[in-house]
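> My questions will all concern the structure given below.
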Amino acid sequence: MRCWLRILLVLTLISGVGVAAWWYSRRGVLSRQWHCYRVASAESFKDAQREIAWFESGPDRPARLTELARKWGTGNRPFDLFLAQHLRDAASSELLRETFSKELGRRDGMLSRWAHYWSYQATSEPDRQIASIRDFFDTLAATEHAQAITWREVLDLQAVFTLAGEPQHAHGLSPENWRQRYRTWQQNRPARFPHLTRPERPFADWPNGHTRDK
């Protein structure tokens, strides 16, 4: 009987060591997933931003930001809203915006989801905001020397291209290649952008009854 108890004890210890080793090897991934959950379950945008700040720090910051971007558009609507709000906030880093922008072009449907949110948060009718952005980029593209733009402006331009029905220009857009992409679009775009009504919900799959954020 004692022999069986010893064997059981040894097996339990081995199993415990195996679980501990698995957890240790996966601690980074598990920690990032836990913090994504905390962002999604935040009571307010400010609470969510405090959680997002964790992703913006640490020696594994690029991996943290990649996890954050990859989580967007995977079915958790509160998470999507909080991250989208943060990306347009001054607290967001350019590295997060870059990571997010690149992720938009990797998965089907993400550019249209971003463009929908971009229209939702517009301070005026989307077509008017697009006209203002178009005037800005027209001036910038006409300068003699190419100028890099910020990743926040890249995200704006990705939304504009998508809403214009030409998302191919938004895929892989960057501060370095925007000028060539924009000039190509500039040559073929209509003189007037069609009227766009600002959506009442942040995302097309958002439940009815959501009130616009103030």
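> Quick one: 3J(HN,Hα) in Hz for segment 150-155, Karplus 6.51/-1.76/1.60 with θ = phi - 60°, rounded, Gly and Pro as x.
7, 5, 5, 5, 4, 4
> Please report, to two decimal places, log10 I(q)/I(0) for segment 41-188 at q = 0.09, 0.14, 0.19, 0.20 Å⁻¹ as given by the Debye formula with identical point scatterers on the Cα atoms and no solvent.
Cα-only, vacuum Debye calculation for segment 41-188: -0.28, -0.68, -1.19, -1.29.
> In which sequence would Phe55, Phe137 go, from the one with the fewest C-beta neighbours within 10 Å to the one with the most?
In order of increasing Cβ crowding within 10 Å: Phe137, Phe55.
> Further question on the same structure: Run through segment 80-121 and list the trypsin sites (Lys or Arg not before Pro) located in a DSSP loop whose Cβ has at most 15 other Cβ atoms within 10 Å. Present the calculation step by step, with values, prior to reporting the outcome.
Working: sites: Arg88, Arg97, Lys102, Arg106, Arg107, Arg113; in loops: Arg88, Arg106, Arg107.
Hits after loop and neighbour filter: Arg88, Arg106, Arg107.
> Sticking with this structure for a sec: With θ taken as phi - 60° and the coefficients 6.51, -1.76 and 1.60, list the Karplus ³J(HN,Hα) couplings across segment 158-175 in order, rounded to whole Hz; mark glycine and proline as x.
4, 5, 4, 4, 5, 5, 7, x, 10, x, 4, 6, 7, 5, x, 5, 8, x
> Residue-wise, which Karplus ³J(HN,Hα) couplings in Hz belong to segment 54-64, taking 6.51 cos²θ - 1.76 cosθ + 1.60, θ = phi - 60°, and x for glycine or proline?
Coupling constants for segment 54-64: 4, 5, 7, 9, x, x, 9, 3, x, 5, 5 Hz.
> Right, another one. Given charges of +1 on the Cβ of Lys and Arg and -1 on the Cβ of Asp and Glu, with all other atoms neutral, how large is the dipole of segment 41-188 about its Cα centre, in debye to the nearest 20? If you can, show how the numbers build up before the last one.
Working: 19 positive and 21 negative charges, 57 e Å.
Approximately 280 debye in magnitude.
Values in this text are rule-based calculations from the coordinates and carry no lab data. What you see is a predicted model, and the numbers here were worked out from it, not measured in a lab. All Cβ positions, glycine included, derive from the backbone under ideal geometry; neighbour counts span all protein chains shown.
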